[in-house]
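Have a look at the structure below before the remarks.
The values are calculated or read from the model by the stated rules, or taken from the named source; none is laboratory data. This one's a predicted model, so the numbers in the text were calculated from it and none came from an experiment. When we count neighbours, we look across all protein chains shown, and the Cβ atoms used for this are built from the backbone with ideal geometry, even at glycine.
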Amino acid sequence: MTELALGAGRVAAPAPVPRVANAPGRQVRCRPGTTIVDPRPGDVILIRGRGPLGFLVRFFQRIRHRSKQDRGYTYWTHAGLVVTSLGHLVEVAHTGVVIRKIETYRDHDYVYVGLDLTPAERAAAVRYAYSCVRQPYGTFSAILIGLAILGGDRLRVPDRGQQGCGTLIVRALQRAGMTFERGPADTLPSDLAKRFGVSAD
């Protein structure tokens, strides 16, 4: 067998993924192809979603945040809560509340939001997030928030206990002592971005 044939079945090792350092209280932008190091439970990531659902979320966010100074917040269309130092997230997908790795989004544009929380506060947020795993996606609440936005946000969406990606994070961080302008059922990813001061501009 020739030397060429001996090497024909070898597979090149994958290139390492560039990793971005984290620090308490920092916001770290992770462009496609990069990922965060040292994720901390209780922190948040805001993600630029893709596909039809991302487009739909962005459509409604741009109606709510139509002013020029707020438009950069609408770039982010999904969110997740970090629940382990290994980079696991609890997030709300169209199938319901699930656990995924941050690595899932290494080909997306996202920002890591480090929060100024105590260990006890982080534990409270994470505990709540874990308690929601396998809960269904709040389709009815999503319809209500869309109608409310189309109506000029004159009415607040009632909290029916259903889950959306912004809803879960607000509820989790409320248990950590944080406050938000909007109620859980009325919160979109752009509202979280505005609360944390994360604009894509």
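Do you know which residues across the stretch 172-190 are in a helix (DSSP H, G or I), touching a residue at least 40 places away in the same chain (Cβ under 8 Å) and surrounded by fewer than 22 Cβ atoms within 10 Å (Cβ to Cβ)?
none
In this structure, is residue 119 touching a strand residue (DSSP E or B) at 6+ places or on another chain (Cβ under 7 Å) and loosely packed, with under 14 Cβ neighbours inside 10 Å?
It is false that residue 119 is touching a strand residue (DSSP E or B) at 6+ places or on another chain (Cβ under 7 Å) and loosely packed, with under 14 Cβ neighbours inside 10 Å.
Taking residue 56 as the residue in question, decide whether it is of a type outside the set (S, T, N, Q), outside any loop (DSSP other than H, G, I, E, B) and under 21 Å from residue 178 (Cβ atoms).
For residue 56, the condition - of a type outside the set (S, T, N, Q), outside any loop (DSSP other than H, G, I, E, B) and under 21 Å from residue 178 (Cβ atoms) - is not met.
Among the listed residues 169, 149, which satisfies the condition of being touching a strand residue (DSSP E or B) at 6+ places or on another chain (Cβ under 6 Å), β-branched (Val, Ile, Thr) and at pLDDT 90 or above?
Going through 169, 149 in turn, the sole match is 169.
With respect to residue 130, is the statement that it is out of contact with any Leu (no Cβ under 7 Å at 6 or more places or on another chain), surrounded by fewer than 19 Cβ atoms within 10 Å (Cβ to Cβ) and either at pLDDT 95 or above or in a helix (DSSP H, G or I) (or both) true?
yes
Report yes if some residue within the stretch 136-147 is exposed (fewer than 15 other Cβ atoms within 10 Å of the Cβ) and within 18 Å of residue 27 (Cβ to Cβ); otherwise report no.
First pass over the stretch 136-147, keeping only residues exposed (fewer than 15 other Cβ atoms within 10 Å of the Cβ): 136, 139-140, 143, 147.
Narrowing further to those that are within 18 Å of residue 27 (Cβ to Cβ): none.
Among the residues of the stretch 136-147, not one is exposed (fewer than 15 other Cβ atoms within 10 Å of the Cβ) and within 18 Å of residue 27 (Cβ to Cβ), which makes the answer no.
Counting only residues that are without any contact (Cβ under 8 Å) to a residue 24 or more places away in the chain and in contact with a Lys or Arg (Cβ under 7 Å, 6 or more places away or on another chain), how many does the stretch 63-98 have?
Summing the residues that are without any contact (Cβ under 8 Å) to a residue 24 or more places away in the chain and in contact with a Lys or Arg (Cβ under 7 Å, 6 or more places away or on another chain) in the stretch 63-98 gives 1.
For the stretch 172-198, which residues satisfy the criterion of being more than 14 Å from the chain's Cα centre (by Cα) and either among the hydroxyl-bearing types (Ser, Thr, Tyr) or on the phi < 0 side of the Ramachandran plot (or both)? It would help to see each step written out before you state the result.
So the first thing to find is which residues in the stretch 172-198 are more than 14 Å from the chain's Cα centre (by Cα), and the list is 174-186, 197.
Within the stretch 172-198, 174, 175, 176, 178, 179, 180, 181, 182, 183, 184, 185, 186 qualify.
Looking only at residues that are surrounded by fewer than 19 Cβ atoms within 10 Å (Cβ to Cβ) and among the β-branched types (Val, Ile, Thr) in the stretch 36-84, which one is modelled with the lowest pLDDT?
37
Could you tell me which residue of the stretch 133-168 is farthest from residue 194 (Cα to Cα), considering only residues that are in contact (Cβ under 8 Å) with a residue 40 or more places away in the chain, hydroxyl-bearing (Ser, Thr, Tyr) and part of a helix (DSSP H, G or I)?
So the residue we want is 141.
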